[in-house]
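Heads up: the structure comes next, in structure tokens.
The values are calculated or read from the model by the stated rules, or taken from the named source; none is laboratory data. Please read all numbers here as calculations on a predicted model, not as lab measurements. A quick note on method: Cβ atoms are made from the backbone with ideal geometry, for glycine too, and the neighbour counts reach across all protein chains shown. To get the accessible areas, we keep the full protein, side chains included, count just its heavy atoms, and leave off ligands, DNA and RNA. Shrake-Rupley method; radii C 1.70, N 1.55, O 1.52, S 1.80 Å.
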Amino acid sequence: TLLRANLFVSALDDKETWYRYHPLFADTLRALLQQQEPALMPELYRRAGRWYEQQGWGEEAWEYAFRSGDLLHAASLLAELAPSMLEQGKLVRLSQWLDRLPQEQITASVHLSLALIWLQPLRTSKPLDIERVIEQLGQQIEAHAEDDPQSQAELQRERALAQMARALAQGDVPQTLAHAR
């Protein structure tokens, strides 16, 4: 096998079916490629991202879309991933990924805006103007008013929960109760 031939690879499974380059070797190859063919890097990252996306590996696809410089596609992928990442408790990773995207791309997405609001208590690196994000979230919801009524109602509930959480964090009990209603 490749592993026994000592070809700078590590097995990824017990059956030695899947391999990857040893991390140091992979870093060396990347550095060499960056030095010799820097213009090729974004296209290779794009291809890798598309492959991961086709395999259903969204988190890996996001990373390669981001590395390729296609921030619009990266934001779109992250918007799809955000709800499941929140459910799975991948809060630190999601927060770090949001930190890497421009604010305009986050606030242009309902799901990314909601994720940003829910993660705010954990975020220390980039304080958030929650009022502004909730306002932009309301604009996004209005812009999609013609969408499926069920998803519209769900987005309205999410916005109300975010407003309620903000009011509760500020110690404003009457406002918290108003949003809860």
* Restricting attention to the stretch 32-39, does a residue exist that is in contact with a helix residue (DSSP H, G or I) (Cβ under 8 Å, 6 or more places away or on another chain), open to solvent by less than 60 Å² (accessible area, probe 1.4 Å) and within 30 Å of Trp118 (Cα to Cα)? -> no
* Asked: For the stretch 23-110, which helices (runs of 4 or more DSSP H) that fit wholly inside it have 3 or more residues that are in contact (Cβ under 8 Å) with a residue 24 or more places away in the chain?
  -> 41-54, 58-68, 71-87, 91-100, 103-107
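Of the residues Leu78, Leu44, Leu101, Leu91, which single one is out of contact with any Asp or Glu (no Cβ under 7 Å at 6 or more places or on another chain), within 30 Å of Gly138 (Cα to Cα), of a type outside the set (D, E, K, R) and open to solvent by 50 Å² or more (accessible area, probe 1.4 Å)? Please lay out each step first, then the result.
Numbers: Leu78 fails: open to solvent by 50 Å² or more (accessible area, probe 1.4 Å); Leu44 fails: within 30 Å of Gly138 (Cα to Cα); Leu101 fails: open to solvent by 50 Å² or more (accessible area, probe 1.4 Å).
Among Leu78, Leu44, Leu101, Leu91, only Leu91 is out of contact with any Asp or Glu (no Cβ under 7 Å at 6 or more places or on another chain), within 30 Å of Gly138 (Cα to Cα), of a type outside the set (D, E, K, R) and open to solvent by 50 Å² or more (accessible area, probe 1.4 Å).
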* Provide a single number: the residues in the stretch 168-181 that are modelled with pLDDT of 75 or more and in contact with a helix residue (DSSP H, G or I) (Cβ under 6 Å, 6 or more places away or on another chain). => 1
* To do: Hey, could you check the stretch 138-150 for residues that are closer than 14 Å to Ser109 by Cα and assigned to a helix (DSSP H, G or I) and say which is most open to solvent (accessible area, probe 1.4 Å)?
  => Glu142
* To do: Would you check which residues across the stretch 13-34 are within 20 Å of Ser68 (Cβ to Cβ) and hydrophobic (A, V, I, L, M, F, W, C) and list them?
  => Ala26, Leu29, Ala31, Leu32, Leu33
* First in the stretch 144-167 and acidic (Asp, Glu), second anywhere and assigned to a helix (DSSP H, G or I) and surrounded by 15 or more Cβ atoms within 10 Å (Cβ to Cβ), Cβ under 6 Å, 6 or more apart -> Glu158/Leu114
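Looking at the stretch 86-123, which of its residues are within 16 Å of His73 (Cβ to Cβ) and in contact with a helix residue (DSSP H, G or I) (Cβ under 8 Å, 6 or more places away or on another chain)?
Restricting attention to the stretch 86-123, the residues satisfying the condition of being within 16 Å of His73 (Cβ to Cβ) are 97-98, 100-102, 104-106, 108-109, 111-112.
Within the stretch 86-123, Trp97, Leu98, Arg100, Leu101, Pro102, Gln105, Ile106, Ala108, Ser109, His111, Leu112 qualify.
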